[in-house]
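The values are calculated or read from the model by the stated rules, or taken from the named source; none is laboratory data. Remember, predicted model here, so these are calculated numbers, not experimental data. Cβ: placed from backbone, ideal geometry, glycine included. Neighbour counts: every protein chain shown. Side chains included, ligands, DNA and RNA excluded: accessible areas come from the protein's heavy atoms. Shrake-Rupley method; radii C 1.70, N 1.55, O 1.52, S 1.80 Å.
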Amino acid sequence: MNPHNDQRALTQASSNAAKRAAAQTLIFLWKDEQAMFTAPELRAEFAGHYDRRAPLLVWSQDQVVHPDDQGRLSDCLQKLACGIPYIEANFRLKMRTGAYALCACTFTLTEGKIPQHIGTLRVKGTQQIPRPEIHRDPLTGVLTARAFFAATDKLLAQKDRQYCLIRCTVCALKQINQKQGFARGDHLLKLIARFLRRTLLPGAESLGRMDGNDFAVCLLGGPKRALHFAQSLSRLFENKSRHRHADLCFGICTASQNTTPAYLLYDWATVALETVKGSDVHNVAFYDDQLKKLEQDKVYITSHMACALKNDEFKLYLQPKVLIDTGQVVGAEALARWLHPKDGMIMPDRFVPLFESNGFILKLDDYIWEETCKTLRRWIDNGYEPVPISVNVSRLHFTNTDLLRTFRFLTEKYQLPHHLLELEVTETAFIPGWQELLRKMRLLRKAGFALSMDDFGIGYSSLSSLRDLPFTAVKLDRVFVQGECASDRGRIVAKNTIKLAKELKLQIVAEGVESEEQAQFLLENDCHIAQGFYYARPMPAKMFEESSFLRLKTDLNRYQALKKLRAMPLKLKACQS
Ligand code: C2E
Ligand code: CA
Ligand code: CA
């Protein structure tokens, strides 16, 4: 391959693409946040992972829009959600090259049986698009992102050849820059690029620097060669940088069909890479069928979540907290369930972690909290003595919302005393912004809301969190009652943890109690409140009310209700989970 010819071809291709994007009006259609059609040029030219989400969501969620224009985009999204029929706006959008292009967009709501949105995008002038002749990274001399995609697409178009696309991230670069200086960081990047250039077959393979600490390689051969390649580079990195091999991560995607564009293979390699980032054990992952399924599930859940919330598919379930020695119900935990019209019940482990990562948990929590308050109000109105309900509070709330205002607003709206709401917070919430967290928690406590530390014992900062934060209760994770109690050492840990919480004057609730023996063990060790399948599985809020767990002003026998439930056939219990 003559590098000059290749360079000229790339320059020409980039220039043509820029002119095309500027001359054309690119169209996209979407309905209910789901893309119905996206102009192929938009997918090819602009950054972002164009899955089933409407392009506006892709721009917002994949950081395609320039940070300074993010507010304008949120404004548009809000107006669209309110049904405003026509909007015009300009945004700077990131191209696949990494540069921003100024784009004029319009969004029109169509009338008709099924309303949908039509979006148009036009690049306003080409001056924002990087000059096409720049297609080599100045530091390392390898191809830039755009040039890499163009070169790789050409390679992939050749029949009868198997390729792997590898994304390689120098995870430790930030740390190296901070501790050893930028010159050292630059030196390492150049070293990696040199190694890669030497290893690759000129003309048959391609190499690009995609971002500050990211390289991409299109490697001839199958997974075996790709793995060997990743291991060799890891060894070199470990020797030269004195960093752990895990500080260099690889995501690998095999290109089995030569019709898949390079940028999509790169996205898939990225999905694989995300699974090993931060791991101390593995630093290489393949995009395989299992990951593909997970990714598809993620896209499925993401594209349906907003509609599901609008259509009331999320339901409030309650699980009782019980006094072990009398069986009296003294509280409940609010848990979300997604009753999908086609897929049936979707459990939180399938959607909560995803919602935590895309921010939708803020909306879901708001909904569950409001449903919880409605339930408490209904109990009071129907003559029951309400028991406190604890709600789960995602860590995102501590950085993004005014929790005190939200809970004050809700309790005022539903006329509820504050002690009826308890906030359950997991330890993972406590890592950044300790002082701010402490301030917010103190304000909540001062306002009379109870605060419970969730999943105690499986995080990292348990003891310091217990010492410093104003908790009123601690929920022992189910490992304490299940796995740990099976061994002598486990029993000692559980026993002393309960003792510690008692001395700190915290209420203790043991989670995951599944047997009489476990309940007995807890009671013997001075833990009096339990939650678990042994007593009852989470159930719809209405069923909780109908199960006579709550004391009517005239009815003092809730214990009977629990006994009745425990005696139910297993099958019936299982339906309630
Ligand atoms: P969590 O807060 O620790 O909730 C307790 C989980 O333990 C629930 O799982 C409950 O069904 C399960 N569980 C209760 N008793 C037993 C038992 O005896 N044995 C076993 N094996 N499990 C038991 P679920 O409902 O699937 O929720 C999982 C997690 O999802 C919750 O863990 C919580 O972290 C999160 N979550 C659920 N609903 C919400 C929500 O509305 N908002 C937020 N932010 N998170 C939620
Ligand atoms: Ca919880
Ligand atoms: Ca828990």
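Going through the stretch 293-328 one residue at a time, which ones are β-branched (Val, Ile, Thr) and within 16 Å of ligand 1 (Cβ to nearest atom)?
Our first condition is that a residue be β-branched (Val, Ile, Thr); within the stretch 293-328, this holds for 299, 301-302, 322, 324, 326.
Within the stretch 293-328, Ile301, Val322, Ile324 meet the criteria.
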Qualifying positions in the stretch 390-426 - within 16 Å of ligand 2 (Cβ to nearest atom), among the polar types (S, T, N, Q) and without any contact (Cβ under 8 Å) to a residue 60 or more places away in the chain
Ser394, Thr426
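Just a yes or no: is a residue in the stretch 191-214 among the β-branched types (Val, Ile, Thr), at pLDDT 90 or above and not in a strand (DSSP E or B)? Quick ask: steps written out before the conclusion?
Taking the stretch 191-214 first, the residues among the β-branched types (Val, Ile, Thr) are 192, 199.
Within this subset, residues satisfying the condition of being at pLDDT 90 or above are 192.
Narrowing the set further to residues that are not in a strand (DSSP E or B) leaves 192.
For the stretch 191-214, residues among the β-branched types (Val, Ile, Thr), at pLDDT 90 or above and not in a strand (DSSP E or B): present.
Of all residues in the stretch 25-77 being among the hydrophobic types (A, V, I, L, M, F, W, C) and in a loop (DSSP other than H, G, I, E, B), which is farthest from the chain's Cα centre (by Cα)?
Across the stretch 25-77, the extreme among qualifying residues is Ala39.
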Report, ordered by the first and then the second residue, all pairs with beta carbons closer than 6 Å, sequence separation of six or more or different chains, a first member in the stretch 430-456 that is at pLDDT 95 or above, and a second member that is within 16 Å of ligand 2 (Cβ to nearest atom) and not aliphatic (A, V, I, L, M).
Ala450/Glu422; Ala450/Thr472; Leu451/Phe471; Leu451/Thr472; Ser452/Ser390; Ser452/Glu422; Ser452/Glu424; Ser452/Lys475
Within the stretch 345-394, take every residue that is open to solvent by less than 50 Å² (accessible area, probe 1.4 Å) and assigned to a loop (DSSP other than H, G, I, E, B) and give me the one that is farthest from ligand 3 (Cβ to nearest atom).
Gly383
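Taking Lys240, is it among the basic types (Lys, Arg), open to solvent by 70 Å² or more (accessible area, probe 1.4 Å), touching a residue at least 40 places away in the same chain (Cβ under 8 Å) and out of contact with any Lys or Arg (no Cβ under 9 Å at 6 or more places or on another chain)?
So Lys240 fits the description; yes.
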Name the residues in the stretch 471-505 that are open to solvent by less than 30 Å² (accessible area, probe 1.4 Å) and either within 15 Å of ligand 3 (Cβ to nearest atom) or at positive phi (or both), would you?
Phe471, Ala473, Val474, Lys475, Leu476, Asp477, Phe480, Val481, Thr497, Ala501
How about the stretch 157-198: which of its residues are over 22 Å from Pro138 (Cβ atoms) and either open to solvent by 20 Å² or more (accessible area, probe 1.4 Å) or over 32 Å from the mean Cα position of the chain (by Cα) (or both)?
Ala157, Gln158, Lys159, Asp160, Arg161, Gln162, Cys171, Gln175, Gln178, Lys179
